[in-house]
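The values are calculated or read from the model by the stated rules, or taken from the named source; none is laboratory data. Values in this document were obtained by computation on a predicted structure and should not be read as measured data. Cβ: placed from backbone, ideal geometry, glycine included. Neighbour counts: every protein chain shown. For accessibility, only protein heavy atoms count, side chains too; no ligands or nucleic acids. Shrake-Rupley method; radii C 1.70, N 1.55, O 1.52, S 1.80 Å.
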Amino acid sequence: MASSSTASTTRRGLALLAVGGGLAVLMILVAVLLASTTASSFTARVVAGVSFSPTETDGVIEEGAPLSVDDDTHVAMTKLDPALRDALRDAQNAAAEDGVVFDVTSGWRSVAYQRWLLDDAIRTYGSEDVAREYVASPERSSHVTGHAVDIGSLDAQLWLMEHGRRWGLCQTYANERWHFERATDAGDECPTPHADARG
């Protein structure tokens, strides 16, 4: 009888030890995951079972179908900062005299779309540090605030790099010749571009 009670106590003790050990391992894994990610990417990984597919309402512009700066219907243009949109339109009028047409491939983006782009870049590059060179977090993105546009064609990019400051339009990341913001007053010098999207 005593040996049966001892065996039962031993089994209970082993079961509690196994549960405690499992919880300790889980806590270590969570700590490692938190240390290697940002809060936003951690949240995205935790809810990875919930698929997100950005749409036009998030600011997606279909590949191969860029917008004109005169578009007044697409949310990627209508949610831009009005001063940026006006500057782009004025610059486009001048560029047209040189036969250059601006093609907007990205404008305003929702927070969810920006987070999705960052998470996709992390998967592509295998490193959050490398991904952040090309994609800003939602908290730091000028696209989310409506203060940035991406221009698709090389001719338009080069034209804006040369003439954009007349309207305050500047390339703001050295590694992204397509990314422009209204970063100065019209006619002033553009600030030196940041090395990359980390700012």
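Just a few scattered comments:
- Only residues that are in contact (Cβ under 8 Å) with a residue 40 or more places away in the chain, buried (at least 17 other Cβ atoms within 10 Å of the Cβ) and of a type outside the set (Asp, Glu) were counted in the range 181-199, giving 2.
- Among the residues examined, residue 44 does not qualify as over 24 Å from residue 175 (Cα atoms), in contact with a strand residue (DSSP E or B) (Cβ under 7 Å, 6 or more places away or on another chain) and either at pLDDT 95 or above or not in a loop (DSSP other than H, G, I, E, B) (or both).
- When the range 103-140 is limited to residues that are without any contact (Cβ under 8 Å) to a residue 40 or more places away in the chain and of a type in the set (Gly, Ala, Ser), the one that is surrounded by the fewest Cβ atoms within 10 Å (Cβ to Cβ) turns out to be 126.
- Any pair with Cβ under 9 angstrom, 6 or more apart, that starts in the range 58-84 at a residue that is free of Cβ contacts under 8 Å to residues at least 40 places away in the same chain and ends at one that is of a type outside the set (Val, Ile, Thr) and open to solvent by 60 Å² or more (accessible area, probe 1.4 Å): 62/56; 74/56; 75/56; 76/56; 77/70; 78/72
- Within the range 85-102, tally of residues that are under 24 Å from residue 63 (Cβ atoms) and either without any contact (Cβ under 8 Å) to a residue 60 or more places away in the chain or surrounded by fewer than 23 Cβ atoms within 10 Å (Cβ to Cβ) (or both): 7
- Of all residues in the range 159-197, exactly one satisfies the criterion of being out of contact with any strand residue (DSSP E or B) (no Cβ under 9 Å at 6 or more places or on another chain) and under 20 Å from residue 145 (Cα atoms), namely 185.
- Of the criteria (1) within 25 Å of residue 60 (Cβ to Cβ); (2) open to solvent by 20 Å² or more (accessible area, probe 1.4 Å), which one residue 160 fails: (2)
- Taking the range 80-199 as the region of interest, the helices (runs of 4 or more DSSP H) fully inside it that hold 1 or more residues being charged (D, E, K, R) and under 15 Å from the mean Cα position of the chain (by Cα) are 111-125, 128-134.
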